[in-house]
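> Questions regarding the structure given below will be posed in turn.
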Amino acid sequence: MDAFEKVRTKLETQPQEEYEIINVEVKHGGFVYYQEGCCLVRSKDEEADNDNYEVLFNLEELKLDQPFIDCIRVAPDEKYVAAKIRTEDSEASTCVIIKLSDQPVMEASFPNVSSFEWVKDEEDEDVLFYTFQRNLRCHDVYRATFGDNKRNERFYTEKDPSYFVFLYLTKDSRFLTINIMNKTTSEVWLIDGLSPWDPPVLIQKRIHGVLYYVEHRDDELYILTNVGEPTEFKDGKLVPMTVFHKTDSEDLQKKPLLVHVYGAYGMDLKMNFRPERRVLVDDGWILAYCHVRGGGELGLQWHADGRLTKKLNGLADLEACIKTLHGQGFSQPSLTTLTAFSAGGVLAGALCNSNPELVRAVTLEAPFLDVLNTMMDTTLPLTLEELEEWGNPSSDEKHKNYIKRYCPYQNIKPQHYPSIHITAYENDERVPLKGIVSYTEKLKEAIAEHAKDTGEGYQTPNIILDIQPGGNHVIEDSHKKITAQIKFLYEELGLDSTSVFEDLKKYLKF
């Protein structure tokens with residue numbers, strides 16, 4: 001609660017419209033580097049909680065709309081600091097290099113930088129390694145120096161478009177690792193931090209299905225890999241769930257329930273602190289996080305059991321989780337809602353087709369709903385990179401037929417549906433707006449057809465498509481979006497929202 005109250009105080013005093021706290025902070029030497037307002041600043045470690053800081057760079061010099069820092073790296077001897085800066089309506093990032101002196105000054109800037117790290121060469125010169133991103137694809141690696149001996153060169157390009165490249169500096173800062181990966185296969189090259197201009201050294205060439213990562217300590221390389229015997233799960237599967245509710249709640253069966261799901265890419269379902277979730281719990285809601293197959297909660301095999309031709313496992317897990325919650329006395333279908341973001345929309349949309357009676361209302365954000373048509377279009381930025389997750393319906397008939405079985409867009413039919421609120425973004429490069437619009441139109445047509453056959457007295461579900469101008473797939477949370485989603489849920493469940501919006505005012509600037 002103490003931590004919560006600190007966050008509450010920070011939120012209440014934050015002048016920006018957006019409530020999400022940007023907390024990119026790096027400690028190096030005796031200083032802490034972070035963002036304060038619209039500036040990159042540093043303060044002495046012992047004074048980090050005070051307002052005594054040195055301004056290193058004003059982000060407004062870049063002439064961007066509401067810029068913020070999402071990554072900071074400090075050169076070994078603190079001669080330079082590099083910061084990656086982007087805006088809410090674009091995934092493109094600009095990396096600025098600041099020379100640290102009595103009067104800090106921007107030494108250089110590079111557009112479209114993804115990952116970056118510093119090393120120091122044998123002549124005590126700072127070398128910045130960085131990757132260049134184009135159309136969401138990251139294939140080129142550069143290294144650069146600054147000051148009197150400026151140098152900038154590209155020294156690696158990945159030719160296979162289904163792979164992407166990112167940089168990682170080992171924890172002891174001895175080696176820079178160049179990681180070339182897709183969803184199931186990786187290859188790592190090493191740059192010796194003592195000889196950063198030497199050619200990179202290959203650890204193990206890529207072998208389909210083999211993932212590995214490299215770390216270094218005490219002159220030994222440590223390799224984490226999926227090679228070996230995979231964990232075998234017996235039917236049926238035990239699917240983890242995380243449930244939050246007030247401890248003094250009585251008769252939980254009559255309480256509203258918000259179910260969260262993702263289940264893709266081997267990534268854990270995010271359960272980070274969000275003020276509106278705390279407000280819902282305070283107002284009596286139950287929050288349930290379903291860690292279904294396809295995610296990363298139980299390791300690589302958990303991911304493998306929910307991708308490609310096993311994607312329906314994730315749907316089965318989601319259905320089982322909701323039924324189990326109801327069976328254990330947590331809420332009931334008429335008070336159950338479901339929420340999902342991006343690839344989580346595949347499972348949420350599939351559930352709406354297969355078991356719509358389990359939930360009353362659904363909120364989707366930038367949802368992936370047209371899997372088949374998207375994966376058939378290789379001109380889209382991520383299609384080639386995503387083949388290992390969803391399959392290749394263009395060349396593999398088995399994959400095509402399997403995707404048809406669960407794809408939300410392909411399986412819309414005249415039946416009763418829960419009410420659905422979709423937030424989409426005009427400039428989303430990852431989930432094309434066209435697919436979301438097509439899904440919405442087809443869904444409304446199916447609902448109208450079902451309503452005609454049902455007769456008078458049928459209550460048609462509400463289908464709302466909220467297209468945000470500008471924006472992109474990683475847009476920050478605004479109070480407009482949050483309030484619209486919560487308003488939708490309360491109205492669909494017939495709940496009084498007076499108190500929840502009063503509480504939200506403590507966090508969101510109206």
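> Determine the percent antiparallel among the DSSP beta bridges restricted to the chain, to the nearest 5.
In the chain, DSSP labels about 75 percent of beta bridges as antiparallel.
> In the structure displayed, which of Lys254/Lys506; Lys400/Lys442; Lys311/Lys413; Lys183/Lys487; Lys63/Lys183 lie more than 30 Å apart, Cα to Cα?
The pairs that break the limit, which is 30 Å between Cα atoms, are Lys183/Lys487; Lys63/Lys183.
> Let me ask another. Give the whole-number value, in cubic angstrom per residue, of the convex hull volume spanned by the C-alpha atoms of segment 241-504.
129
> While we're here: Beta carbons within 10 angstrom, averaged per residue: use that to sort the peptides 303-309, 207-213, 319-325, 442-448, highest first.
Ranked by mean Cβ neighbours within 10 Å, highest first: 303-309, 319-325, 442-448, 207-213.
> Tell me, which cysteines of the chain are without a disulfide-compatible partner by the Cβ under 4.7 Å rule?
Cys38, Cys39, Cys71, Cys95, Cys138, Cys352, Cys407
> Given segment 211-368, what whole percent of its Cα pairs are spread farther than 20 Å?
53
> Can you give me the Cα centroid spacing of segment 364-387 and segment 136-168 in angstrom?
Centre-to-centre distance over Cα atoms comes out at 26 Å.
Bear in mind that the values in this text are calculations on the coordinates, not laboratory data. Every value quoted in this text rests on a predicted model; they were computed, and no experiment measured them. Every residue, glycine among them, receives a Cβ derived from its backbone with ideal geometry; neighbour counts consider all protein chains shown.
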